[in-house]
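Bear in mind that the values in this text are calculations on the coordinates, not laboratory data. On a predicted model such as this, the values are computed, not experimentally measured, just so you know. Quick reminder, even Gly has a Cβ in these numbers, built from the backbone with ideal geometry, and neighbours come from all protein chains shown.
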Amino acid sequence: MSGPISSGDDAAIVITRAGTITDEHASGRDISGRTLVFASGAGDAGSPTNPLETSISSIEASSTGGIFLDNDQALTIGGVGAAVGLNVGGGIGIITDTRLDVTEHVHAVGDIRLTARDEADPTANQVALASDVHITSTGGDIALLGGDVFQLQSGHQLSADGGSGEIVIAFDWGNADPGQGNSFTLPRKVDGVFAASTLRFVGDSDSETLIIPELFLPKGSSTESLIVFEGGSGNDSVTATLIDAPSVETRLMNVNVEAVHFQSVNALDASWLLDTDPTTQQIPLFDQPDLVTDVAYLASPATGGTRIVQSAHSIISRFETLDVDYTFGSGVDSLTVLALKHPVDVKLGNGNDVATVGGNRGTTPVHPGN
């Protein structure tokens, strides 16, 4: 596109194209109007590094290519015409001001990234899903990045790469309203909302809270699954409840989270191990360089040493003063403590529990206090 497209009335702008649309327009909005429909096409509209600049209030698309837009007002996906939401054969990248309402399904072959820029309003800047909306990538990851609160409920479905990809949810993205921390509560397993091998929650510099009523993420065709909470520079906290037996589908990784509260509420007998990695580990982060730091963990020896809860921090002084507590169920628990990098409060249940301090890490003896 070398010049802008605009509609001065309420008529929809319908683009039927045979190839790729690139942004060759040096300044201003490329497309302006009330609604925009991509009716067909074999190439991408815009690109991840050079999206089309738009000023529209609603959009639908059915295309074999991808769609990449930067919009300057609140935007609704759906509600335009016969097409259902966004259905594309490439990737989707949409960033918009104020709010992004997803009222119809979003389907892509590539990555899906939907962003609502944060502004001074503490609640308005959301990626908001209407009831029963599905967001599906058959060959990529999903990122839903909102500046404020985010909500999911039964009926929503998010599926990344057939259950083998990553889903990212940011609920303080950009943080243009300092001091307005947010809280997010995960749906339960029975709701069947997520299909991904990694479910990542990302905060920012405010104090964020993540509540996990049922620590579980189906691994699909992957060997294991993982829930990750990336806090920022605030005082972030997570509360996770384990209802099932520990397994490769009940794993939590906390990065830059200052308070970790874990409780197992079942009556099963279980063995537990508290330890730290003897050397620093490389931890992937979202949209940032990997973090190399110490890692402390609670593992389940009965499942081959699966790490159920892990904690790491980019600031060692904060890592060494984490507020961490583990509460175990009413079955017979066996706890071994090898090494600690931070204080841990352990609460055993009503069984004939056993706690051992010191032992072997593989074949290497680990002495208390080292």
Cβ-based exposure ranking for I112, I15, in which fewest neighbours within 10 Å come first: I15, I112
message: For region 181-232, report the % of Cα-Cα distances exceeding 13 Å.
response: 61 percent
- line: Given (i) 133, 48, 32; (ii) 74, 36, 33; (iii) 62, 51, 39 as possible values of Cα extents along the principal axes in Å, the one from the coordinates is (ii)
query: Among H313, H342, which comes first, then next, by fewest other beta-carbon atoms within 10 Å?
result: H342, H313
field: Rounded to 5, percent antiparallel among DSSP beta bridges of region 225-365
entry: 35 percent
query: What is the distance in Å between the Cα centres of region 147-206 and region 333-350?
result: 30 Å
message: Along the charge dipole of the chain, pointing to its positive end and built from +1/-1 on Cβ of Lys, Arg, Asp and Glu, which listed residue (S225, I21, A130) has its Cα farthest out?
response: S225
Considering only the chain, percent of DSSP beta bridges that pair antiparallel, nearest 5: 15 percent
message: Would you calculate the convex hull of the Cα atoms in region 40-80 and tell me its volume per residue in Å³?
response: 65 Å³
- request: Grab every C-alpha pair in region 251-339, bin the distances at 5 angstrom width from 0 up to the longest one, and report whole percents.
  value: 3, 13, 23, 25, 17, 11, 6, 2, 0
field: Mean residue ellipticity (222 nm) of the chain, computed from DSSP H runs ≥ 4 via -39,500 (n - 2.57), nearest 500
entry: 0 deg cm²/dmol
- prompt: For region 193-275, what mean projected area does the convex hull of the alpha carbons give, in nm²?
  reply: 6.0 nm²
query: Which value, in debye to the nearest 20, describes the size of the charge dipole of the chain about its Cα centre when Lys and Arg Cβ atoms bear +1, Asp and Glu Cβ atoms bear -1, and nothing else is charged?
result: 840 debye
Charged-residue dipole, Cβ positions (Lys, Arg, Asp, Glu), region 270-370 about Cα centre, Debye nearest 20: 200 debye
